[in-house]
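Below is one structure, written out as structure tokens; comments come after it.
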Amino acid sequence: MLHVTYGGQRTPQPRYACRMGNAMHGLAPCITFGARRPDDAVARALLLAVQPLAIEAALVAERDAIQHVDEHRRALELEIEQARYEAALAARRYEAVDPDNRLVASELEERWNAALTRLKACEEKARAGLVREAGHVDRDDLLALADDLSRAWSAPTTTMRTKQQLVRALVEEIVVDVDDRTREVVLVIHWRGGRHSELRVRKPQTGEHTKRASDEVDAMIREMATRWSDENIAATLNRMGFTTGAGNTWNARRVASHRHTVGIDAYASAPKDGQCLTMFDAAKKYGVPCHVIRRLIKTGVLPARQVMFDAPWQILASDLERDDVQRALRERRRRGGRPCRSPRDTRTLTIPGT
């Protein structure tokens, strides 16, 4: 028998573990695995099993809802009828009393007023249609829900008790084992009625989690990493309303962490550690115009590379110290010329109108 345990500091996560042999007999610890992925796999299998009957169940639910509405409406009509009878009876009793018997007349008058008040409340309730509208169910909504059972399963109004009742109604037991060779959790579902089905769920690697950035964010980072710094990428993602997998805003550290996790390389001159420079940085360092560095690159004197077209040139500091490169730079400085001006800032996204 597997037991549920909880681990984690901030948000405890459920896990399944077999500890009875270890606790009772001192045997070696048995299998243990996270609960989230196997639970999701079993839920998908349950929804797949009930899908063929979902439409029929929706129609039955519609009939039951209509019958429920009719019963409430009839109950309200009977309540109004009873209130009218009691009001009429109280009126007849008040009219039949001797006016000189003031004590009895006062008591009957109070009962008549109470009956009229109750009748008025019932009539207002009927006009408002509170009971009638409470049971209203749209047929099209039910049929659409039957076609998309996963939406009903994950709806906030679907309680855990309802899910457990569905599982107990369909499943006799689930036998679980762990395949260490393939790192998979093997679940054999014994359905009520004698059928069996096997599910295999991959166990996550160490440090792997489900709170990952969306594919759209990943594609954008891959495209921008070749020409933009992590700070600029983070600013762009925030302006577009994207968040991390944990729902946080982006910053340079989180962008860098995502790149390292999925294996996206930034351009080499981005860290600004002096080992790799852009064309502008190299021109500024040696006091020459940018077109001088560009000409040295185009003529093959200065080795440099681009990750992609129009991306920043990547120039190693060691290549700038080569004798032939230094001679070309000294010759250019002797001829004079204006130093390289700061180019237009192409790393910051400019939004028109802001």
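Throughout, read-outs are computed from the coordinates displayed, never taken from laboratory work. The structure presented is a predicted model; accordingly, all values stated were derived computationally and were not measured. Cβ: placed from backbone, ideal geometry, glycine included. Neighbour counts: every protein chain shown.
The table that follows gives values for the structure above.
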{"quantity": "Length released on extending from Asp40 to Arg92, taking residue separation times 0.36 nm less the Cα-Cα span", "calculated": "11.9 nm"}
{"quantity": "Residues Val60 and Arg222, FRET efficiency given R0 of 56 Å [Cβ-Cβ distance, rounded to 0.05]", "calculated": "0.65"}
{"quantity": "Spin-label zone in the stretch 15-30 - amide nitrogen under 16 Å from a point set 7 Å from the Cα of His190 along the C-beta vector", "calculated": "none"}
{"quantity": "Potential lengthening between Lys211 and Glu123 on full extension [0.36 nm per residue; Cα-Cα distance subtracted]", "calculated": "26.2 nm"}
{"quantity": "Difference of contour (0.36 nm per residue) and Cα-Cα distance, Glu110 to Thr11", "calculated": "29.5 nm"}
{"quantity": "From phi via Karplus (6.51, -1.76, 1.60), per-residue ³J(HN,Hα) for the stretch 313-323 in Hz, x at Gly/Pro", "calculated": "5, 9, 10, 6, 4, 5, 6, 5, 8, 5, 4"}
{"quantity": "Amide H contacts of Glu172 (H built 1.01 Å from N, under 5 Å, at least 5 apart or other chain)", "calculated": "His190, Trp191, Arg192"}
{"quantity": "Rg in Å to one decimal, and Dmax rounded to a whole Å, for the stretch 276-335 via C-alpha atoms", "calculated": "10.6, 34"}
{"quantity": "FRET efficiency for Val50 and Asp70, using Cβ-Cβ distance with R0 set to 22 Å, rounded to 0.05", "calculated": "0.20"}
{"quantity": "Whole-Å distance, taken between Cα centres, linking the stretch 17-45 and the stretch 60-105", "calculated": "60"}
{"quantity": "Built amide H within the under 5 Å cut-off of Ile31, gap 5+", "calculated": "Cys18"}
{"quantity": "Calculated FRET value between Arg200 and Cys30, using beta carbons and R₀ = 25 Å, to 0.05", "calculated": "0.85"}
{"quantity": "The stretch 215-262: C-alpha gyration tensor shape, a/c 1.5 cut-off, then a/b vs b/c", "calculated": "rounded"}
{"quantity": "For Trp313, residues with placed amide H under 5 Å, excluding near neighbours", "calculated": "Met279"}
{"quantity": "For the stretch 100-107, 3J(HN,Hα) per residue [Karplus equation, 6.51 cos²θ - 1.76 cosθ + 1.60, θ = phi - 60°, Hz, x = Gly/Pro]", "calculated": "6, 7, 5, 5, 5, 4, 5, 5"}
{"quantity": "Cross-link partners of Lys285 among lysines (Cα-Cα below 18 Å; sequence separation of 8 or more within a chain)", "calculated": "Lys272"}
